[in-house]
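Novice: I have a structure here, written as structure tokens, and I will follow up with some questions on it.
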Amino acid sequence: MSFLAKPAIFLLCLAPGAYLAYAVYLAFTGGENLLGPDPAQFLSLETGEWAIRLLILSLAITPLRYLFNWPVLFRFRRMIGLFAYFYVCMHLLVFLMFLLQWQWGDIGTEIAERPFITIGFAAFIILIPLAATSLNIAQRKLGRNWKRLHRLTYAASILGALHVIWIVRSSYFDAVLYGGVVALLLGYRLLRKYSKAVQQFSLLK
Amino acid sequence: MIIKTRKEIPSSEITPEAVYRDRRKFLKSSLAVGAGGTGLLTSALNAQTGDALFARAPADINLASKPDWLVEKAAARTEAPASGPFNTDEELTPFDDVSTYNNFYEFGTGKDDPARNARDFSIEPWTVKVEGECAKPGSYSLEDILKPHTFEERVFRLRCVEAWSMVIPWVGFSLGDLLKRFEPTGDANYVQFDTLVDSEQMPAQRSRFATIDWPYQEGLRMDEAMHPLATIATGLYNDILPAQNGAPLRLVVPWKYGFKSIKSIVAIRFTKTMPNNTWRDLQASEYGFYANVNPQVSHPRWSQASERRLPTSLFMPRRIDTMMFNGYADEVASLYDGMDLRRFY
């Protein structure tokens, strides 16, 4: 039955995107509006939320693997990481297409002058080579350098968390949640590197 | 696969049955916790962010009771004049959108949280405390405050600082007519307002993650408050205000960003010096006291040069250029003659 796990996770990751895509299709064909009175803003927030959630989930795989002695989790890391990249791309597309209507002057200004957008855009740029080298053939060709390159995920997650924190207006909840979790997941790795006790610690032998 | 017989496996390698059974239990329970936790987390997240994907809040007035006298007065409001600043020929934002897309953080920070959470909001009894530099301070009931005034229809643009806007047919009257009754003294240079604090009715006031220090407060300079455009709104679309729109009475200051239009007023205070206003208290680098709509002065995190007129659609967006003073420059620009509006934002 475990061969069903990967397709199941795939569908779960796809579900929010599929729903949003369907809502956009309805908007395009003049059907029911599922996105509220400010659909561009809503889409931007939703795609952003799923991007950071999946990025965090991909970061959580290694700690979970060690804490629960569960190497099987590694099977899903690439898929979840690529889905995170997918939602980041959707998030950027919504921003460019629906919020700024492809006005290149405005786009340049917004990226250059709004720090939270600058770091968001930087996170996107960092994820591009990671997505590009996600196939097995790239892993083989890069060898040890593949692991080094993919440590850039840490940078992308930090920038992503900062992007979320910087947009806070109403509630600290998102900032605390996403920032806190990213800090935990990266902190665990740091601890693990330098502490034998942490290396040997597992919640389940 | 070579199947070893029992005899060939050293006993040290056989997982003790107890541990093996425990492992399955642990896995099962952790999966359940994981699934349940994710579900809980998602609904907690939805509750916090209000972005529930699958249900839109119903457009309802959400009041525990509707005072007959107030409903009658709202229905009997005089119509807006055909032309002039108290009316506009722009398309009205539908009631459904006006009453389900709100920034009213006392009820939650999602746009549909107020409509969802403001169930059975009680406006009877309602007291407004008047204090400060005036000759007639005191505790006034809602009837005392509102009955003496004739309600008018006032169709104003409302421009949120978040760069979206609506056109709303309010029901109300000029703030100045109300303030005059309390006889502000010569020392009353400003007037400050408070929103209700009631964590029973306003659940998000209990949140540990709220950025706001309740009560929500706003203020105006006295000449701004006495300007005929500054409005006390008691209704919209010829009915009384829904809870999520600031029942039973709120400010509408159409030439300023929406956060100045404080909702569910319980206190009016005449002050000598510039009073505190919540958003400036939170982040003075981004939100000022005057908060006049000004396309030339951007918010540090986004441009104010344009706005999305709601309801907007994805493929035919109503992105319009923001107007100075939200299009009320002819009426209010003189209040700010000689003022550097980049400095006094």
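The values are calculated or read from the model by the stated rules, or taken from the named source; none is laboratory data. Values in this document were obtained by computation on a predicted structure and should not be read as measured data. A quick note on method: Cβ atoms are made from the backbone with ideal geometry, for glycine too, and the neighbour counts reach across all protein chains shown.
Novice: Name the residues in the stretch A:134-156 that are out of contact with any Phe, Trp or Tyr (no Cβ under 9 Å at 6 or more places or on another chain) and among the polar types (S, T, N, Q), would you?
Specialist: Residues of the stretch A:134-156 that are out of contact with any Phe, Trp or Tyr (no Cβ under 9 Å at 6 or more places or on another chain), as a first pass: A:135-137, A:141-155.
Listed by number, the residues that qualify are A:Asn136, A:Asn145, A:Thr153.
Novice: Would you point out which residue out of A:Glu32, A:Glu46 is under 22 Å from the mean Cα position of the chain (by Cα) and acidic (Asp, Glu)?
Specialist: Unique residue meeting the criteria: A:Glu46.
Novice: Continuing with the same structure: Can you pull out every residue in the stretch B:191-214 that is within 17 Å of B:Gly258 (Cα to Cα) and away from chain A (no Cβ under 14 Å)?
Specialist: B:Gln192, B:Phe193, B:Asp194, B:Thr195
Novice: Now for a separate question. Have a look at A:Leu100, A:Leu186, A:Leu162 and point out the one that is under 24 Å from A:Phe74 (Cα atoms) and of a type in the set (A, V, I, L, M).
Specialist: Going through A:Leu100, A:Leu186, A:Leu162 in turn, just one is under 24 Å from A:Phe74 (Cα atoms) and of a type in the set (A, V, I, L, M): A:Leu186.
Novice: Right, something else. Looking at the structure I just gave you, is B:Val98 over 19 Å from B:Met166 (Cα atoms), in contact (Cβ under 8 Å) with a residue 24 or more places away in the chain and either touching a strand residue (DSSP E or B) at 6+ places or on another chain (Cβ under 6 Å) or more than 14 Å from chain A (Cβ to nearest Cβ) (or both)? Outline the logic, then answer.
Specialist: Details: over 19 Å from B:Met166 (Cα atoms): no; in contact (Cβ under 8 Å) with a residue 24 or more places away in the chain: yes; either touching a strand residue (DSSP E or B) at 6+ places or on another chain (Cβ under 6 Å) or more than 14 Å from chain A (Cβ to nearest Cβ) (or both): yes.
No, not satisfied.
Novice: Determine, yes or no, whether A:Leu162 is crowded, with 17+ Cβ neighbours inside 10 Å, closer than 28 Å to B:Phe315 by Cα and at pLDDT below 95.
Specialist: no
Novice: Taking B:Glu106 as the residue in question, decide whether it is charged (D, E, K, R), part of a loop (DSSP other than H, G, I, E, B) and either under 16 Å from B:Tyr216 (Cβ atoms) or in contact with a strand residue (DSSP E or B) (Cβ under 7 Å, 6 or more places away or on another chain) (or both).
Specialist: Values: charged (D, E, K, R): yes; part of a loop (DSSP other than H, G, I, E, B): no; either under 16 Å from B:Tyr216 (Cβ atoms) or in contact with a strand residue (DSSP E or B) (Cβ under 7 Å, 6 or more places away or on another chain) (or both): yes.
So B:Glu106 fails the test.
Novice: Do the conditions hold for B:Leu220, that is, is it crowded, with 22+ Cβ neighbours inside 10 Å, closer than 30 Å to B:Pro81 by Cβ, more than 15 Å from the chain's Cα centre (by Cα) and without any contact (Cβ under 8 Å) to a residue 60 or more places away in the chain?
Specialist: So B:Leu220 fits the description; yes.
Novice: Moving to a separate point now. Being more than 14 Å from chain B (Cβ to nearest Cβ) and out of contact with any helix residue (DSSP H, G or I) (no Cβ under 6 Å at 6 or more places or on another chain) is the filter here; which residues of the stretch A:161-185 pass it? I'd like the intermediate steps shown before the answer.
Specialist: Here is the first cut: in the stretch A:161-185, the residues more than 14 Å from chain B (Cβ to nearest Cβ) are A:161, A:182-185.
Once the filter is applied, which keeps residues that are more than 14 Å from chain B (Cβ to nearest Cβ) and out of contact with any helix residue (DSSP H, G or I) (no Cβ under 6 Å at 6 or more places or on another chain), the stretch A:161-185 yields A:Ala183, A:Leu184.
Novice: Continuing with this model, one more query. Check the stretch B:153-167 and report whether any residue there is in a loop (DSSP other than H, G, I, E, B), within 14 Å of chain A (Cβ to nearest Cβ) and among the small types (Gly, Ala, Ser).
Specialist: Yes, that holds for at least one residue.
Novice: For the stretch B:241-345, which strands (runs of 3 or more DSSP E) that fit wholly inside it have 2 or more residues that are away from every other protein chain (no Cβ under 13 Å) and in contact with a strand residue (DSSP E or B) (Cβ under 8 Å, 6 or more places away or on another chain)?
Specialist: B:250-252, B:265-271
Novice: Determine if the stretch B:67-81 includes at least one residue that is surrounded by 15 or more Cβ atoms within 10 Å (Cβ to Cβ) and within 11 Å of chain A (Cβ to nearest Cβ).
Specialist: no
Novice: Filter the stretch B:255-267 down to the residues that are over 21 Å from B:Glu286 (Cα atoms) and surrounded by fewer than 24 Cβ atoms within 10 Å (Cβ to Cβ) and list them by number.
Specialist: Those that are over 21 Å from B:Glu286 (Cα atoms) and surrounded by fewer than 24 Cβ atoms within 10 Å (Cβ to Cβ): B:Ile265, B:Val266, B:Ala267.
Novice: Please return the ranges of strands (runs of 3 or more DSSP E) entirely within the stretch B:176-236 where 3 or more residues are among the aliphatic types (A, V, I, L, M).
Specialist: B:231-236
Novice: Residue check: is A:Trp102 aromatic (Phe, Trp, Tyr) and over 23 Å from B:Trp164 (Cβ atoms)?
Specialist: No.
Novice: Name the single residue that is farthest from the chain's Cα centre (by Cα) among those in the stretch B:117-152 being part of a strand (DSSP E or B), of a type in the set (Gly, Ala, Ser) and on the phi < 0 side of the Ramachandran plot.
Specialist: Only one residue fits best here, namely B:Ser139.
Novice: A follow-up question, please. Taking the condition of being surrounded by fewer than 14 Cβ atoms within 10 Å (Cβ to Cβ) and more than 11 Å from every other protein chain (Cβ to nearest Cβ), how many residues in the stretch A:89-104 meet it?
Specialist: Residues in the stretch A:89-104 being surrounded by fewer than 14 Cβ atoms within 10 Å (Cβ to Cβ) and more than 11 Å from every other protein chain (Cβ to nearest Cβ): 3 in total.
Novice: Then there is this: Can you tell me which condition B:Phe156 does not meet? The list is (1) surrounded by fewer than 20 Cβ atoms within 10 Å (Cβ to Cβ); (2) touching a helix residue (DSSP H, G or I) at 6+ places or on another chain (Cβ under 9 Å), and all the others hold.
Specialist: Condition not satisfied by B:Phe156: (1).
Novice: Hey, could you check the stretch B:168-190 for residues that are away from chain A (no Cβ under 14 Å) and of a type in the set (Val, Ile, Thr) and say which is nearest to the chain's Cα centre (by Cα)?
Specialist: Of everything passing the filter in the stretch B:168-190, B:Val171 is nearest to the chain's Cα centre (by Cα).
Novice: Looking at the stretch B:235-254, can you tell me whether even one residue there is of a type in the set (Asp, Glu) and buried (at least 19 other Cβ atoms within 10 Å of the Cβ)? Before the answer, list the steps.
Specialist: Let us first name the residues in the stretch B:235-254 that are of a type in the set (Asp, Glu), namely B:239.
Now narrow it down to the ones that are buried (at least 19 other Cβ atoms within 10 Å of the Cβ): none.
Scanning the stretch B:235-254 turns up no residue that is of a type in the set (Asp, Glu) and buried (at least 19 other Cβ atoms within 10 Å of the Cβ).
Novice: Taking the stretch A:132-160 as the search range and keeping residues that are out of contact with any Gly (no Cβ under 8 Å at 6 or more places or on another chain) and within 20 Å of A:Met90 (Cβ to Cβ), which one is farthest from the other protein chains (Cβ to nearest Cβ)?
Specialist: A:Ala132
Novice: Can I ask one more? Can you name the residue in the stretch A:40-88 that is basic (Lys, Arg) and either more than 10 Å from chain B (Cβ to nearest Cβ) or more than 30 Å from B:Pro311 (Cα to Cα) (or both) and is also surrounded by the most Cβ atoms within 10 Å (Cβ to Cβ) among such residues?
Specialist: My answer is A:Arg77.
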